[in-house]
Amino acid sequence: MRGEARAVSTQPLLLHPSIRKARVLLSLAVLLVANLLPLLGVALWGWKLFDLIVIYWLETLVIGGLSIMQMALTTGWFALFVVPFFIVHFGGFMTGHFVFLNMMFGNRSGGSLSAIPARLHDMIVAEGLWVALIGLAVSHGLGFLFGFLLPWLRRRWQGRPLREETDAGSAGNVMFGPYRRVMIMHVSILFGAFLVTVFGNNFAFLALLVALKTVSDLYMLRRQWKGEGSAMLA
């Protein structure tokens, strides 16, 4: 009986196509709604260019936090080194990135690094940026759930480790993956931001910025779906 139970537990738990399609549609719908919230802020609450940039910068922190969870679950004992290193390195990267964005688009000449958290808090509260931030966090949370956590739990139930847990190279991809995602996202954001800077904070160009960022998110979501499909067949 134990042998039979083990044989059953190691069978792939492939989702019914209708369930997988529902998950894809849900992820797509949440992503589009979340990315429309900044545009709603522009139309209803008068958000400007730097408000959008701060929202997307904070979104990057959410991506980093979810990546830390993925590293902790997939790299085993190596997480004792990888996670602290990533926190320090990614934290430094994000700090430098904010200083650059602040100098380019925030009409500030720099300022103390210790003042960054207080300024972000004031902007989030005063401008109501938390509305868009929550929406984007929910979108990434669903992506993490469907794209990583559920497959990880399924493999654990089957007694089959994910590739990241057995391949050092794949573990490195988990660590440096957020940087690639951030670069793709922020190249589109910076391009749109420069257009807004040149032509002014009018609705059309702010909408173009939101559209460019949404396209980059759709591209990353498509890559995630392809990767999830490969993992399910592995």
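Some notes on this structure:
- When residue 91 is tested against the conditions (1) farther than 11 Å from residue 57 by Cβ; (2) at pLDDT below 90; (3) of a type outside the set (Val, Ile, Thr), the lone failure is (2).
- Sub-6 Å Cβ pairs linking a first residue in the range 44-59 that is touching a residue at least 60 places away in the same chain (Cβ under 8 Å) to a second residue that is among the acidic types (Asp, Glu), at least 6 apart or interchain, are 51/127, ordered by first then second residue.
- Screening the range 26-56 for residues that are surrounded by 18 or more Cβ atoms within 10 Å (Cβ to Cβ) and small (Gly, Ala, Ser) and picking the one that is farthest from residue 100 (Cα to Cα) gives 27.
- Out of 110, 106, sole residue that is modelled with pLDDT under 85, farther than 22 Å from residue 136 by Cβ and not hydrophobic (A, V, I, L, M, F, W, C): 110
- Residue in the range 198-219 that is modelled with the lowest pLDDT, counting only those that are surrounded by fewer than 16 Cβ atoms within 10 Å (Cβ to Cβ) and either under 22 Å from residue 145 (Cβ atoms) or β-branched (Val, Ile, Thr) (or both): 198
- Residues that are closer than 30 Å to residue 145 by Cβ and polar (S, T, N, Q) within the range 68-127 comprise 70, 74, 75, 95, listed in sequence order.
- Residues that are in a helix (DSSP H, G or I), within 10 Å of residue 48 (Cα to Cα) and over 24 Å from the mean Cα position of the chain (by Cα), drawn from the range 198-208: 203
- Subset of the range 15-25 [closer than 18 Å to residue 214 by Cβ and surrounded by 14 or more Cβ atoms within 10 Å (Cβ to Cβ)]: 24
- Every condition in (1) under 21 Å from the mean Cα position of the chain (by Cα); (2) buried (at least 17 other Cβ atoms within 10 Å of the Cβ) is met by residue 105 except one, and the failing one is (1).
- Remark: residue 76 matches the filter, which requires a residue to be at pLDDT below 90, exposed (fewer than 15 other Cβ atoms within 10 Å of the Cβ) and either under 17 Å from the mean Cα position of the chain (by Cα) or farther than 27 Å from residue 214 by Cβ (or both).
- In the range 115-155, the qualifying residues are those that are in contact with a Phe, Trp or Tyr (Cβ under 7 Å, 6 or more places away or on another chain) and part of a helix (DSSP H, G or I), and the one that is nearest to residue 98 (Cα to Cα) is 116.
- Search result, residues across the range 28-76 that are under 22 Å from residue 183 (Cα atoms) and either part of a loop (DSSP other than H, G, I, E, B) or not aliphatic (A, V, I, L, M) (or both): 35, 38, 50, 51, 56, 57, 59, 60, 64, 65, 67, 70
- The number of residues in the range 156-197 that are in a helix (DSSP H, G or I), farther than 30 Å from residue 211 by Cα and modelled with pLDDT under 75 comes to 8.
The values are calculated or read from the model by the stated rules, or taken from the named source; none is laboratory data. Just so we're clear, the structure is a prediction, and the values are computed from it rather than from any experiment. A quick note on method: Cβ atoms are made from the backbone with ideal geometry, for glycine too, and the neighbour counts reach across all protein chains shown.
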